[in-house]
Amino acid sequence: MAPARFPESFLWGAATAAYQIEGAVSEDGRGESIWDRFSHTPGKTFQGQTGDVACDHYHRYREDVALMRDLGLRSYRFSVAWPRVMPQGSGRVNSPGLDFYERLVDELLDARIVPVATLYHWDLPQPLQDGGGWQNRDTARYFADYAETVFRRLADRVALWITHNEPWVASFVGHATGEHAPGLRDDRAAVQVSHHLLLSHAEAVRVFADYRGSGGAIGITLIQYPCHSYTDRAEDREAARLADGHFNRWFLDPVLTGSYPQDMIEQYDRLGWGPEIRAEDAESIRRASIDFLGVNYYFRRLIRAPGSTARLFETVEPQADAPGLTAMGWEIHPEGLYEALIRIHREYPRVPLYVTENGAAFEDRPDSDGRIRDQERVEYLRGHFLQAHRAMAEGVDLRGYQVWSLYDNFEWAYGYAKRFGIVHVDFHTQDRSWKQSAEWYREVIAGNGF
Ligand code: FCB
């Protein structure tokens, strides 16, 4: 096989999120988030597990940054916990919360690791949820205030800002299927939430204009699910087109072209899920132009026509025992990453792209010497890196790649049962140990390819 070489400046890294790794949920004035409330509600997560301690990163960030340096990471994507910065979600700023992120960022800079900060990775302050959460339009304004508070402290040191992580998941898994906090089951609410998330993104981008002087850039991370028709039948192909509208275009269009796709507005209206979009919101979204787009990719979706006109499509889930699935039951389909990148490149105005998450959970088993030789994860990453490389060879302006995840961590509703880390975490002792994939990744970074 021909070697895959990446550009010298390619921003190899790893990603995490606050609630999944920090722990220390009631320290230094942190307020409650919707994930604290949700995970402490019986029946919501695997064995009732919570992020109360997680990887204890809040206390161990120095050791963790040292580990990142040993790995040779060039960037590290983390998220800022809104309830640490503003325990009530609005109003009073909790300085010790900001101090933590300042210490973390300084530690990263000392280690020559580029900080990539996500402002919202799903941990809404609970007091805002009590006031309607993302269903309430005011939350967008509170988000912009929170964003500005963080910019004021850190814009001189953070290179890349990501307003939101995967607004599709926050909207629909949080408010339609109810598997994530806040656990609602209301499609109409979910669509309204998606609009308020996108509005809040636009508002934060507007606020960022005053902080551009320090050289940072701002974008958003969207999850991409390439949607393939399950058969060649016309109705399945049409369903796949609508599924793409729902998962992908509903977010790509406003963020990259400034307005929602008309066909999806009509579809949501037809279903009675149509969001209220004020003229000034549309204007705000139209004006917000981003510097880069973050792409998260895990799997494609196979789509067929729905059994009822009250849905847009049906997803055909892989058989649980099918070969080629990760421990999440997600199909391993590296070409989907290429497809997502090329599609954005061809169909939208050009912006630099970053893969801000990609990775896999497997049933890691230590060998008799205690080491985890996670060959499947190495193969998974190699396959996806190659597809990214292929897209770049065809002109895609991909600037970096953050592996999900640095550590095994709190995988939301799956608790600690699903391990995505390239570094193993023993949740009893908090020992971190490199899996084979971490060793392999270090070589990839050091050689800028493989
Ligand atoms: C993504 C999330 C991330 C992690 C991975 C497996 O949807 O952004 O926090 O849970 O999935």
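The values are calculated or read from the model by the stated rules, or taken from the named source; none is laboratory data. Note that the structure is a prediction, hence the values are computed from the model and not measured. Note: ideal-geometry Cβ built from the backbone for every residue, glycine included; neighbour counts use all protein chains shown. To get the accessible areas, we keep the full protein, side chains included, count just its heavy atoms, and leave off ligands, DNA and RNA. Shrake-Rupley method; radii C 1.70, N 1.55, O 1.52, S 1.80 Å.
Classify the stretch 16-93: rounded, prolate or oblate, from the alpha-carbon gyration tensor (a ≥ b ≥ c, eigenvalue square roots; a/c under 1.5 rounded; otherwise prolate if a/b is larger than b/c)? Walk me through the numbers on the way to the answer.
On the way: a/c = 2.36, a/b = 1.40, b/c = 1.69.
Verdict is oblate for the stretch 16-93.
Using only the Cα atoms of the stretch 167-281, build the gyration tensor, take square roots of its eigenvalues as a ≥ b ≥ c, and label the shape rounded, prolate or oblate: rounded if a/c is under 1.5, else prolate if a/b is larger than b/c, else oblate.
Numbers: a/c = 1.88, a/b = 1.59, b/c = 1.18.
In terms of gyration-tensor shape, prolate.
Might you tell me the accessible area per residue for the chain, computed with a 1.4 Å probe and given in Å²? Present the calculation step by step, with values, prior to reporting the outcome.
Working: 17120 Å² over 450 residues.
Per-residue accessible area for the chain comes out at 38 Å².
Can you tell me the dipole magnitude for the stretch 31-99 around its Cα centre, using point charges on the Cβ only (Lys, Arg +1; Asp, Glu -1), in Debye to the nearest 20? Kindly include the intermediate steps, with their values, before the conclusion.
Working: 9 positive and 8 negative charges, 46 e Å.
Taking the Cα centre of the stretch 31-99 as origin, the dipole is about 220 debye.
Going by average Cβ neighbours within 10 Å, how do the peptides 246-259, 117-130, 46-59, 279-292 rank, with the highest at the top? Don't skip to the answer; put the middle values down first.
Working: 246-259: 20.8, 117-130: 23.4, 46-59: 18.7, 279-292: 16.1.
Descending packing order for the listed peptides: 117-130, 246-259, 46-59, 279-292.
How many percent of DSSP beta bridges within the chain run antiparallel, rounded to 5?
Working: 10 of 48 bridges.
Percent antiparallel among DSSP bridges in the chain is about 20.
Scan around residue 328 for amide H atoms under 5 Å from its own, H built in the peptide plane at 1.01 Å from N, and keep only partners 5 or more places away or cross-chain.
Long-range HN contacts for residue 328: 361.
What order do you get for 99-106, 176-183 when each peptide is scored by the mean count of other beta carbon atoms within 10 Å, highest first? If you can, show how the numbers build up before the last one.
Values: 99-106: 18.0, 176-183: 19.6.
Taking the mean over residues of other Cβ atoms within 10 Å, the ranking is 176-183, 99-106.
Based on the Cα atoms of the chain, what semi-axes does the equivalent ellipsoid have, where each is the square root of 5 times one gyration tensor eigenvalue, given in whole Å with the largest first? Before the final figure, lay out each step's value.
Working: eigenvalues 175, 149, 103 Å².
Ellipsoid semi-axes (Å, largest first): 30, 27, 23.
Express the carbon and sulfur contribution to the solvent-accessible surface of the chain as a percent, rounded to the nearest whole number, probe 1.4 angstrom.
Working: 7990 of 17120 Å².
Within the chain, the accessible surface is 47 percent carbon and sulfur.
Ignoring everything but the protein chains, give the 1.4 Å probe accessible area of residue 328 in square angstrom, nearest 10.
Ignoring ligands and nucleic acids, residue 328 comes out at about 20 Å².
Give me the one-decimal nm value for the distance between modelled label points at residue 233 and residue 271, 7 Å along each residue's Cα-to-Cβ direction.
So the two model labels end up 2.0 nm from each other.
Could you work out how far the C-alpha centroid of the stretch 1-52 sits from that of the stretch 196-238, in angstrom?
That distance is 20 Å.
Given a 1.4 Å probe and the protein chains all in place, what does the accessible area of residue 433 round to, in Å² to the nearest 10?
Its accessible surface works out to 50 Å², give or take rounding.
Which of rounded, prolate, oblate describes the stretch 282-327, given a ≥ b ≥ c as roots of the alpha-carbon gyration tensor eigenvalues and a/c under 1.5 marking rounded, otherwise prolate only if a/b is larger than b/c?
Note, shape of the stretch 282-327 comes out oblate.
Please sort 61-69, 330-338 by packing, taking for each peptide the average over its residues of neighbouring beta carbons within 10 angstrom, highest first. Display every interim value, and only then the final one.
Numbers: 61-69: 17.4, 330-338: 19.3.
In descending order of packing, they fall as 330-338, 61-69.
Counting other Cβ atoms within 10 Å of each Cβ, which GluC sites (Glu not before Pro) in the stretch 344-433 have at most 15 and sit in a DSSP loop? Numbers along the way, then the final one.
Working: sites: 347, 357, 363, 376, 379, 394, 411; in loops: 363, 394, 411.
In loop regions of the stretch 344-433 (DSSP not H, G, I, E or B), the sparsely surrounded GluC sites (Glu not before Pro) are 363, 394.
How large is ³J(HN,Hα), in whole Hz, for each residue of the stretch 393-409 in order, when computed from phi with the Karplus curve 6.51 cos²θ - 1.76 cosθ + 1.60 and θ = phi - 60°, using x for Gly and Pro?
Per residue, the Karplus-derived 3J(HN,Hα) values read 4, 9, x, 5, 8, 9, 9, x, 8, 10, 6, 9, 9, 4, 10, 4, 7 Hz.
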